[in-house]
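The values are calculated or read from the model by the stated rules, or taken from the named source; none is laboratory data. This structure is a prediction, so every number in the text was calculated from the model and none was measured. Please note: Cβ atoms are built from the backbone with ideal geometry, for glycine as well, and neighbour counts cover all protein chains shown.
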Amino acid sequence: MEQTKTAGQIIILNGVPRSGKSSIVGEIQANFDGVWMNLGVDRFMQATPARYLPGMGLRPGGERPDLEPLVAALYAALYESIAAHSRLGLNVVVDVGHHDAYAVPRGILFDCARRLDGLPVLFVGVRCPIETIMVRRRTTGWSAAGTPDSGVPAPVLLWQRETHLPGIYDLEVDTSVMSPPECAEAIRARLTDGPPPTAFQRLADLTFQS
């Protein structure tokens, strides 16, 4: 008889583009014990046909209502894959930018939390001030503002406002004052020394109340 596998740990990093999530993923994969699979949004976007992009990277604002049902399905598929990896004993780290600022509210985060029911999930809010985000966009070739003197574009402001709602996390880090190794160590300490994570269960419970 096959022995029951211990579920792999899941770490979900939620934050806006350019907040530093990918760098934290790299630290976790390089320095945490065990196998850590990266199943972030960027990986799924690479697998999405070009005509359906940006897929899960669809920015807030309700600008592509034609894509929104697909986005919900893609998120469901992503989280079912995360669950499958964990149930097979593989650790998973995921970088995402959840928001619900679609043409109509879709409750995707709550649905995703339900799909990981019963699995060990640490939900981490990766925060970064808008000023730092804009500097990073300009220095990495993603200048949405045009010039350093331009105002912050509306989509960038929407990301900043919507991504951390409803603000239920097990841990939050600020990448404007913490390096990627420091963020990873804070995550390690929370997993090792903190109480059992509860954020995703609380989010799943909100699903059933909606």
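Among residues of region 29-43 being closer than 18 Å to ALA7 by Cα and touching a residue at least 12 places away in the same chain (Cβ under 8 Å), the one that is surrounded by the most Cβ atoms within 10 Å (Cβ to Cβ) is LEU39. Here LEU165 passes the criteria (1) out of contact with any helix residue (DSSP H, G or I) (no Cβ under 9 Å at 6 or more places or on another chain); (2) at pLDDT 95 or above; (3) loosely packed, with under 13 Cβ neighbours inside 10 Å; (4) over 14 Å from CYS128 (Cβ atoms) except the one numbered (1). Confirm whether LEU78 is in contact with a helix residue (DSSP H, G or I) (Cβ under 7 Å, 6 or more places away or on another chain) and within 24 Å of LEU158 (Cβ to Cβ). The answer is yes for LEU78. Quick test of your reading of the structure: PHE110 fulfils all but one of (1) touching a helix residue (DSSP H, G or I) at 6+ places or on another chain (Cβ under 6 Å); (2) surrounded by fewer than 19 Cβ atoms within 10 Å (Cβ to Cβ); (3) among the aromatic types (Phe, Trp, Tyr). Name the failing condition by number. Of the numbered conditions (1) touching a helix residue (DSSP H, G or I) at 6+ places or on another chain (Cβ under 6 Å); (2) surrounded by fewer than 19 Cβ atoms within 10 Å (Cβ to Cβ); (3) among the aromatic types (Phe, Trp, Tyr), the odd one out for PHE110 is (2).
Just one of (1) in a strand (DSSP E or B); (2) over 17 Å from the mean Cα position of the chain (by Cα); (3) of a type outside the set (Phe, Trp, Tyr) fails for GLY61. It is (1). When residues in region 91-126 are screened for being of a type in the set (A, V, I, L, M) and touching a Phe, Trp or Tyr at 6+ places or on another chain (Cβ under 8 Å), 7 of them pass.
Restricted to region 12-23, and to residues there that are assigned to a helix (DSSP H, G or I) and in contact with a Gly (Cβ under 9 Å, 6 or more places away or on another chain), the residue that is surrounded by the most Cβ atoms within 10 Å (Cβ to Cβ) is LYS21. Under the condition of being under 21 Å from HIS164 (Cβ atoms) and not β-branched (Val, Ile, Thr), the residues counted in region 54-73 number 11. Kindly establish whether GLY61 is farther than 22 Å from LEU119 by Cα, surrounded by 15 or more Cβ atoms within 10 Å (Cβ to Cβ) and modelled with pLDDT under 95. So GLY61 fits the description; yes. The set of residues from region 28-58 being closer than 30 Å to SER179 by Cβ, assigned to a helix (DSSP H, G or I) and not charged (D, E, K, R) comprises ILE28, GLN29, ALA30, ASN31, VAL41, PHE44, MET45, GLN46, MET56, GLY57. Residues considered: GLY62, GLY20. Of these, the only one that is of a type outside the set (Phe, Trp, Tyr) and within 30 Å of GLU185 (Cα to Cα) is GLY20.
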